[in-house]
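One structure is given here, and the rest of the page talks about it.
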Amino acid sequence: MPARAAAAYLQTPMDVTPGTYDFSAFERRWQERWQAEGAFRAEPATCGKPKYYVLDMFPYPSGAGLHIGHPEGYTASDILARYKKAKGFNVLHPMGWDAFGLPAEQHAIATGEHPAVQTRRNIDNFRRQLRMLGFAIDWDREFSTTDEAYFRWTQWIFLQLLKHGLAYVSEKPVWFCPALGTVLANEEVLNTPEGPRSERGNHPVERRPIRQWVLRITAYADKLIEGLDALDWPDSTKRLQKNWIGKSEGAEVTFKLDGHADALTVFTTRPDTLHGATYMVIAPEHPLIGRLTTAAQKSAVESYVAAVRNKSDLERTDLADKKKTGVFTGAYAINPVNGARIPVWTADYVLMSYGTGAIMAVPAHDGRDWEFARQFGLSMRQVVGAPEGFDVTKEAWTGDGPLVNSPGLEGLPVEEAKRKITAQLSVNGQGRAAVNYKLRDWLFSRQRYWGEPFPVLWVSREDYAKIPADSKLREFLPADPVTCMLEGKESCAVPLPATKLPLTLPEVSSYQPSPTGDSPLSKATEWVDVWVDLVTGETASRSAARPGDRWAAASRETNTMPQWAGSCWYYLRYIDPKNRDGIASKEALTYWGSPDFYIGGAEHAVLHLLYARFWHRFLHDIGVLPEPEPFRRLFHQGLILGEDGEKMSKSRGNVVNPDTIVKEHGADALRMYLMFLGPLEASKPWSSEGITGVSRFLKRLWRLAVDEPTGGPSARLASDAPESEDFVRELHRTIRKVGEDVETLQFNTAISQMMILMNAAEKSPGVSRASLEAFVRIAAPFAPHLCEEIWARLGHAGGITAAGWPPFDPAKLVESTVEVVFQVNGKVRGTGKMAKESSKEDLLAACRAHPDVRKFTDGKPVVKEIVVPGKLVNIVVAG
RNA sequence: GCUCAGGUGGUGGAAUGGCAGACACGCUGGAUUCAGGUUCCAGUGCCCAUAAAGCGUAAGGGUUCAAGUCCCUUCCUGAGCACCA
């Protein structure tokens, strides 16, 4: 802490205004003091303390302001941060803004105001609201993803990906959302009963071929699955990521086509059933469909393909209607293992986007093929033995069993048969082992204004070839050029050198995207069309004459990066936010590593968390980062529902505004109530009545410590009245339990325990100053303003967090006598106070002698007697 | 359809296989207060006049001296995936 700020703090006369608990009198003052003192500034790596890095998923600063769900997660992380700091850790608890994105741009389209202006205003409001809640945030490290000093490094990371061959341009059909005027990643498209919709806004989306930047996340598919094992994450989230990546192991098998030069390759996870393949199906979009189809079937196939294309998405994804459709192409394929001539069909249950877009159908052992075969009367051949009584003519057998009707595999179990046949196919050149993923490469460009520009120039192939060996432009040049067709000309991507970063956004007259999928940036021709010096990478306006021989005509990339780009690595920037030479210094990265704890909503289980892991692993692989995984421990807070138990929404009118609650009950009460509602991970309804419970607790804590008529320490503390044994034991139990519960994020039970302690304190004849001070320090992470205020009124000059976590004395927990439960046949009939170390015999004797026990045992033969020392006795009688 | 997580008083929720309902809200009664969205005291799972007894953690079955907790079946709710070969 700077000396001057500390002095000012000490000199501030302590306000000892008399009166009842009035949060409005001091919450604001403490917030200002923490800020002025830099009370929660993380210390440098050289401080010698162990580090603890607590991270919240940073918010998108929307115009609506803070939602009640934000403070839920932020309070949880704040309690942990304050607790760890009191325990002596050097804590990093930062906050920033994920501020690129669609809402700001839509606002800009509607009003003409630059998105940066609205973004700044929203950030100011969010910061005000977060400060109002008293979070122990190191505000010196705050930044926004829209800051040029930040996205300079986002662009740098992209260039590294480009350099290492992990970025390319594709013109395959992609999801395009006409309402949003942009393409979307697979992950951003939801399957709804109404068909595929945009995750944001629920607008219809459609497939269109548009030129796109794509990141090769599939190259990391295996690493992203394997890395999950070591992570302390919710199982559900791990499972979600695993399913999303969707790894399947199997084989590719090539079928020759009867009377054709072409062959059809399929992917199957069940090569063992190859002898049972009785027909094939190709997707209606399959490139070979036109050549396969016989003249006789041409019109039928064409009309089917057209029908599928025109089928509404609703119809095509409607699984309630299990009926399968399809048409025979007239072609026949040859089963490579038995030479059988099998028909080739086309049907929309086969997807062009998975595997090879073609399948071998084994109706006896696949439910979908079975349905299709039954529908169209196709033949079936059982090759895996099913249990007694199972009839493959009634249902497909998908389980294990000995192979049958399969020469060379007879009797083998499924797994062995798979291995054997795959090896055979491979030897015969008819197939090979193969792995398939559901994961697609990550569509990384958007036709929007408000995002990071790609630091890339497009030049002609001829000019690309002229880039000299010592050119600055080679800094990020990939080994294989990234090319695409631009206005009918083959163009090559040239990455800007690092010295030219950040590439900033140009001013534009309109933010309106074009319905054809052109970015608003494409209209900024001054910015887009430049001359580039092929040696230095300098650029100059193309409206001027060509500056010299070394200069080539170039066009800037006009797409921008998706919102995920900025959130992929922000947690690394907090470590060293002002660094101008890299994303962070080596020393800082070594000390802080990656977050020790990460909390945020489960809605990011696949998108953000998968993308960030991909980037982190990549940066680790190229030696930038010391650790392979970004988030060792992850937690999802549950939703706060409206009082009606429904999701909060404006239309339902059940939204709870944090500003209102703070005004009425104070920040401490809001924080504490959010934590008291129930388990952190559970979705739970808000209750405006329920908050009075924690309000009362805070008032009682105030009265326990503060003498209301004078405002100084309470008279109770000064009295000589002894503390009850019960209170002292409860105090130590509370120190232990709250510490444990904070580590495991069970804040609701931690607060219950503090309430129990309060009840004991009020029953105790006296409360010592030392005990009270311990109590206040335990409560401080939960209700920091009140506890800080009490701490000061007790005469302490330093902050309460600096006072540390109170020591816990196990000896104080030991009870000399325990209440032992006496049972007869497992039912409680009485209890007895017994010495803790009582022998089994003594316990049994006491139980037998208990009058209420005797009522149930007298005159009955004892069958069994169970004694659990220190706990219970159970006498089992007959009759 | 598949996968996962759940189902405990009027409500939110506690319970290393060992007294179900901690803690809190609400409610009932009482005290304090000019007043109260104040404070304090007592009570509050069901059945019952009361006590004792009995019943009780979605339903049914099982394991165990003992089950909210472990196992099986069924029902319901929520979340995710959705023709992934």
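The values are calculated or read from the model by the stated rules, or taken from the named source; none is laboratory data. This is a predicted model, so every value here is computed, not measured. All Cβ positions, even for glycine, are placed from backbone atoms using ideal geometry, and neighbour counts span all protein chains on display.
Name the single residue, out of those in the range A:239-265 being out of contact with any strand residue (DSSP E or B) (no Cβ under 7 Å at 6 or more places or on another chain) and farther than 16 Å from residue A:342 by Cβ, that is farthest from RNA strand B (Cβ to nearest atom).
A:261
Would you check if residue A:805 is more than 14 Å from RNA strand B (Cβ to nearest atom), touching a Phe, Trp or Tyr at 6+ places or on another chain (Cβ under 8 Å) and aromatic (Phe, Trp, Tyr)? Reasoning before the result, please.
Numbers: more than 14 Å from RNA strand B (Cβ to nearest atom): yes; touching a Phe, Trp or Tyr at 6+ places or on another chain (Cβ under 8 Å): yes; aromatic (Phe, Trp, Tyr): yes.
Yes.
Which one of these does residue A:610 not meet: (1) free of Cβ contacts under 8 Å to residues at least 60 places away in the same chain; (2) closer than 23 Å to residue A:223 by Cβ; (3) within 16 Å of RNA strand B (Cβ to nearest atom)?
If we test residue A:610 against (1) free of Cβ contacts under 8 Å to residues at least 60 places away in the same chain; (2) closer than 23 Å to residue A:223 by Cβ; (3) within 16 Å of RNA strand B (Cβ to nearest atom), just (1) comes out false.
Going by the conditions given, is residue A:268 touching a residue at least 60 places away in the same chain (Cβ under 8 Å), under 17 Å from residue A:361 (Cβ atoms) and touching a strand residue (DSSP E or B) at 6+ places or on another chain (Cβ under 8 Å)? Outline the logic, then answer.
Working: touching a residue at least 60 places away in the same chain (Cβ under 8 Å): yes; under 17 Å from residue A:361 (Cβ atoms): yes; touching a strand residue (DSSP E or B) at 6+ places or on another chain (Cβ under 8 Å): yes.
Yes; evaluated as a whole, the condition is true for this residue.
Of the residues A:767, A:742, which single one is part of a helix (DSSP H, G or I) and either of a type outside the set (Ser, Thr, Tyr) or on the phi < 0 side of the Ramachandran plot (or both)?
A:742
Sort out which residues of the range A:469-501 are at pLDDT below 95 and within 31 Å of the chain's Cα centre (by Cα), and write them in order of number.
Passing the criteria: only A:501.
Please determine whether any residue of the range A:813-833 is under 30 Å from residue A:40 (Cβ atoms) and of a type outside the set (A, V, I, L, M).
Within the range A:813-833, not a single residue is under 30 Å from residue A:40 (Cβ atoms) and of a type outside the set (A, V, I, L, M).
Looking at the range A:416-450, which of its residues are assigned to a helix (DSSP H, G or I), within 16 Å of RNA strand B (Cβ to nearest atom) and either acidic (Asp, Glu) or in contact with an Asp or Glu (Cβ under 7 Å, 6 or more places away or on another chain) (or both)?
Scanning the range A:416-450 gives A:417, A:418, A:421.
For the condition within 16 Å of RNA strand B (Cβ to nearest atom), surrounded by fewer than 18 Cβ atoms within 10 Å (Cβ to Cβ) and over 19 Å from residue A:240 (Cα atoms), what is the one hit in A:603, A:643, A:627? If you could, list the steps in order and put the result at the bottom.
Working: A:603 fails: over 19 Å from residue A:240 (Cα atoms); A:627 fails: within 16 Å of RNA strand B (Cβ to nearest atom).
Just one listed residue meets the conditions, A:643.
Within the range A:761-769, can one find any residue that is of a type in the set (Val, Ile, Thr), touching a Lys or Arg at 6+ places or on another chain (Cβ under 6 Å) and away from RNA strand B (no atom under 11 Å from the Cβ)?
yes
Those residues that are without any contact (Cβ under 8 Å) to a residue 24 or more places away in the chain and more than 21 Å from residue A:639 (Cβ to Cβ), I need them from the range A:42-79; list them, please.
A:44, A:46, A:48
Tally the residues that are part of a loop (DSSP other than H, G, I, E, B), charged (D, E, K, R) and surrounded by 15 or more Cβ atoms within 10 Å (Cβ to Cβ), restricting the search to the range A:467-493.
1
Could you look through the range A:696-729, keep only residues that are over 25 Å from residue A:792 (Cα atoms) and in a helix (DSSP H, G or I), and pick out the one that is nearest to RNA strand B (Cβ to nearest atom)?
A:726
Return the only residue of A:264, A:240, A:274, A:224 being part of a strand (DSSP E or B) and not basic (Lys, Arg).
Values: A:240 fails: part of a strand (DSSP E or B); A:274 fails: part of a strand (DSSP E or B); A:224 fails: part of a strand (DSSP E or B).
A:264 is the lone residue from the list that is part of a strand (DSSP E or B) and not basic (Lys, Arg).
Can you name the residue in the range A:563-582 that is buried (at least 22 other Cβ atoms within 10 Å of the Cβ) and more than 21 Å from residue A:119 (Cβ to Cβ) and is also farthest from the chain's Cα centre (by Cα) among such residues?
The extreme case among them is A:575.
For the range A:838-879, which positions are more than 9 Å from RNA strand B (Cβ to nearest atom) and exposed (fewer than 11 other Cβ atoms within 10 Å of the Cβ)?
A:841, A:851, A:858, A:859, A:861, A:878, A:879 - these are the residues of the range A:838-879 that are more than 9 Å from RNA strand B (Cβ to nearest atom) and exposed (fewer than 11 other Cβ atoms within 10 Å of the Cβ).
Please go through the range A:655-683 and give me each residue that is among the charged types (D, E, K, R) and either more than 15 Å from residue A:699 (Cβ to Cβ) or in contact with a strand residue (DSSP E or B) (Cβ under 9 Å, 6 or more places away or on another chain) (or both), ordered by number.
Step one: of the range A:655-683, the residues among the charged types (D, E, K, R) are A:659, A:663-664, A:668, A:671, A:681.
Residues satisfying the conditions are A:659, A:663, A:671, A:681.
Residue A:668 versus (1) outside any loop (DSSP other than H, G, I, E, B); (2) in contact with a Leu (Cβ under 6 Å, 6 or more places away or on another chain); (3) modelled with pLDDT of 95 or more; (4) farther than 18 Å from residue A:749 by Cα: which is the lone unmet condition?
(4)
Answer yes or no as to whether residue A:181 is touching an Asp or Glu at 6+ places or on another chain (Cβ under 8 Å) and at positive phi.
No; evaluated as a whole, the condition is false for this residue.
Restricting attention to the range A:195-209, does a residue exist that is surrounded by 15 or more Cβ atoms within 10 Å (Cβ to Cβ), part of a helix (DSSP H, G or I) and either under 18 Å from the mean Cα position of the chain (by Cα) or without any contact (Cβ under 8 Å) to a residue 40 or more places away in the chain (or both)?
no
Which one of these is farther than 29 Å from residue A:573 by Cα and free of Cβ contacts under 8 Å to residues at least 60 places away in the same chain: A:623, A:642, A:666?
Residue meeting the stated conditions: A:642.
If residue A:697 satisfies all but one of (1) at pLDDT below 95; (2) more than 19 Å from residue A:30 (Cα to Cα), what's the number of the condition it fails?
Result: residue A:697 fails condition (1) only.
For the condition more than 16 Å from RNA strand B (Cβ to nearest atom), part of a loop (DSSP other than H, G, I, E, B) and touching a residue at least 12 places away in the same chain (Cβ under 8 Å), what is the one hit in A:179, A:149?
Numbers: A:149 fails: part of a loop (DSSP other than H, G, I, E, B).
A:179 is the lone residue from the list that is more than 16 Å from RNA strand B (Cβ to nearest atom), part of a loop (DSSP other than H, G, I, E, B) and touching a residue at least 12 places away in the same chain (Cβ under 8 Å).
Run residue A:437 past the list (1) touching a Gly at 6+ places or on another chain (Cβ under 8 Å); (2) surrounded by fewer than 20 Cβ atoms within 10 Å (Cβ to Cβ); (3) touching a residue at least 24 places away in the same chain (Cβ under 8 Å); (4) farther than 20 Å from residue A:265 by Cα and report the number of the one that doesn't hold.
That leaves (4) as the condition not met.
Output the number of residues of the range A:818-837 satisfying the condition of being surrounded by fewer than 12 Cβ atoms within 10 Å (Cβ to Cβ) and more than 9 Å from RNA strand B (Cβ to nearest atom).
Of the residues in the range A:818-837, 2 are surrounded by fewer than 12 Cβ atoms within 10 Å (Cβ to Cβ) and more than 9 Å from RNA strand B (Cβ to nearest atom).
Check the range A:687-695 and report whether any residue there is more than 7 Å from RNA strand B (Cβ to nearest atom), part of a loop (DSSP other than H, G, I, E, B) and not β-branched (Val, Ile, Thr).
no
Quick check: is even one residue across the range A:737-755 within 19 Å of residue A:801 (Cα to Cα), away from RNA strand B (no atom under 12 Å from the Cβ) and more than 31 Å from the chain's Cα centre (by Cα)?
no
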